[in-house]
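Down below is the structure, laid out as structure tokens.
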Amino acid sequence: MAADEQVNVEIPLDKPTSARAYGWLLGGKDNFAVDRELALGTLQILPEIMDIARGNRLFLYRAVRYLVEEAGIEQFIDMGCGLPTNNNVHQVAQRFNPNARVVYVDIDPIVLAHGRALLADNDNTTVITADFRDQQAVLDHPDTKRLIDFSKPVAVLYLSVAQFLRDDQSGGSVRYAIRHIIDEKAVSGSYLAFSHVVLDDPEKNAKLTKKVNDDGIPLQLRSREEVHELLEGLEPVDPGLVDIEEWRPDPNQPPLDPVPEELRPFEGVARMNNVLYEYGGVLRKP
Ligand SMILES: C[S@@+](CC[C@H](N)C(=O)[O-])C[C@H]1O[C@@H](n2cnc3c(N)ncnc32)[C@H](O)[C@@H]1O
């Protein structure tokens with residue numbers, strides 16, 4: 001890996017991060033008490049959050065497999081990639097096409113710290129520490145230039161990340177962050193894979209948003225209609241934009257890491273409640 005050696009890895013240990021809290025829900029070990037407290041606090045408001053997070057990670061596998069096997073995509077930019085777990089994008093993509101290339105991008109430097117070890121002997125994959133609202137920083141990065149050929153179709157992944165962009169944050173509009181590459185740089189036949197947390201319960205939405213924002217993590221949930229607006233002009237492949245549980249379900253796909261002991265009581269809760277879900281799909285640039 002030609003990793004970003006310039007990045008000064010400062011990992012905040014006294015504040016939670018979404019990468020580490022989400023990683024714990026997926027069964028990961030790279031988290032701290034503050035992250036677990038945040039996750040448990042959100043689970044008190046919405047016990048189904050863990051199932052939704054895990055369902056999102058299963059969608060990632062199906063979307064990447066589709067993009068390689070059926071859409072013929074060989075190059076990926078995974079925006080807000082999160083901490084490595086099992087079946088990361090490069091592992092899924094390279095299983096179906098050994099030549100697939102992946103640029104991982106995350107704002108949290110812990111992702112680079114752990115990605116380095118995972119990618120040490122994989123020249124076709126890299127991790128960049130960047131805020132993807134600064135699209136130019138991603139595009140100008142030497143590893144992006146080395147691995148992504150914008151004269152060929154590319155897939156840009158925004159999986160469960162756009163809800164961490166608030167409309168009132170400085171640093172560029174949400175639409176620019178999501179659409180700049182696909183609209184301005186990518187050729188026709190490129191793809192966007194997208195999922196976004198939707199919560200059809202205004203009271204719980206207000207509670208969850210306050211809790212996460214109070215913990216220092218920007219959060220803004222959007223409605224299905226707002227997701228459609230963000231993605232207008234792109235062509236969703238079958239079955240369209242849906243609750244991602246319904247996006248080409250595959251009962252035989254590889255399982256995630258086991259649920260941590262402390263979180264077992266939350267397993268399966270989402271089946272009893274359908275106000276919270278990840279909404280999204282895979283869309284083609286015409
Ligand atoms: C819920 S995780 C999703 C991880 C992965 N995409 C997946 O679907 O499994 C959200 C990730 O987005 C990252 N993130 C949030 N805002 C970001 C930004 N502005 N730029 C880059 N990464 C960001 C967080 O650090 C975190 O790792």
Karplus (6.51, -1.76, 1.60) ³J(HN,Hα), θ = phi - 60°, over region 164-171, in Hz, Gly and Pro reported as x: 8, 10, 8, 5, 8, 7, 7, x
Dipole axis of the chain (+1 Lys, Arg; -1 Asp, Glu on Cβ), positive-most option in V227, N205, P16: V227
Gain upon complete extension [A206, D134; 0.36 nm per residue less C-alpha separation]: 23.1 nm
Sorted by Cβ density within 10 Å, fewest first, the residues I217, I148: I217, I148
Neighbour cut-off at most 13 other Cβ (10 Å), DSSP loop, trypsin sites (Lys or Arg not before Pro), region 28-127: K29
Selected from S188, S160, S18 as most flexible by GNM, with the chain as the system and alpha-carbon contacts under 10 Å: S188
Antiparallel bridge percentage (DSSP; both residues within region 18-284; nearest 5): 40
In Hz, Karplus ³J(HN,Hα) per residue of region 124-135 (6.51, -1.76, 1.60; θ = phi - 60°; x = Gly, Pro): 8, 9, 8, 10, 10, 8, 7, 8, 6, 5, 8, 4
Highest-fluctuation residue, N273, N97, N86 considered, GNM on the chain with Cα pairs under 10 Å: N273
For region 36-116: rounded, prolate or oblate by the Cα gyration tensor [a/c cutoff 1.5]: oblate
Max mean-square fluctuation residue, GNM over the chain, Cα-Cα springs under 10 Å, options N87, N252, N56: N252
Mean ellipticity per residue at 222 nm, deg cm²/dmol - from DSSP H runs of n ≥ 4 across the chain, formula -39500 (n - 2.57): -10500 deg cm²/dmol
Projected label distance in nm at N274 and Q253, using a 7 Å step from Cα toward the beta-carbon: 1.9
Relative contact order %, the chain, counting alpha carbon pairs below 8 Å whose residues are six or more apart: 24
G189 long-range amide H proximity, modeled H, under 5 Å: K285
For region 186-231 and region 41-73, distance of Cα centres in Å: 14
Built amide H within the under 5 Å cut-off of Q253, gap 5+: none
Spin-label model distance (nm) - R224 vs K15, 7 Å beyond Cα toward Cβ: 3.5
Charge dipole (debye, nearest 20) of region 189-286; +1 at Cβ of Lys and Arg, -1 at Cβ of Asp and Glu: 120
At least 20 Å along the helix axis (C-alpha) and Kyte average at least -1.0, DSSP helices within the chain: 49-69
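Bear in mind these aren't lab numbers, they're just calculated from the coordinates by the rules spelled out. Predicted, not measured: the structure shown is a model, and the values here were computed from it. When we count neighbours, we look across all protein chains shown, and the Cβ atoms used for this are built from the backbone with ideal geometry, even at glycine.
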